[in-house]
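Take a look at the structure set out below.
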Amino acid sequence: MGKRAVHQSDDDSQRWRLRAVEAHAVADQMSDPKNKSVMASIAAAYEHLAEHADQDAKVIEGVVLQIKQARRLAEMLDELAQVRATFPSDTAAK
């Protein structure tokens, strides 16, 4: 699940960057200044979306790492509990 989420966000970033390039190409071919400006604004918006997708990917990556670390810690605590269970109880010795 985590890998898919990160992968999806990477795909989003690439898709928005591609659209920005396409929008810039269309703007470059326009002769009307107003239309050219609107298309350049659209390209900038796509670039902004790509940046946000990159940020989202980093956040998701961090969360996935934290989940993995928490799972490993839980496994280690379970192992510790199993080892402790093999030792005689302190209260029985008193």
*Test E61 against the criterion of being free of Cβ contacts under 8 Å to residues at least 60 places away in the same chain, more than 30 Å from S13 (Cα to Cα) and of a type outside the set (A, V, I, L, M, F, W, C), and give yes or no.*
no
*Could you look through segment 30-49, keep only residues that are over 11 Å from W16 (Cα atoms) and not aliphatic (A, V, I, L, M), and pick out the one that is surrounded by the most Cβ atoms within 10 Å (Cβ to Cβ)?*
K36
*When the residues of segment 53-80 are filtered to those that are surrounded by 14 or more Cβ atoms within 10 Å (Cβ to Cβ) and not charged (D, E, K, R), which remaining residue is farthest from A20 (Cα to Cα)?*
V64
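Values in this text are rule-based calculations from the coordinates and carry no lab data. Keep in mind it's a predicted model, so treat the numbers as computed, not measured. Neighbour counts are summed over all protein chains in view; Cβ atoms, including those assigned to glycine, are modelled from backbone coordinates with ideal geometry.
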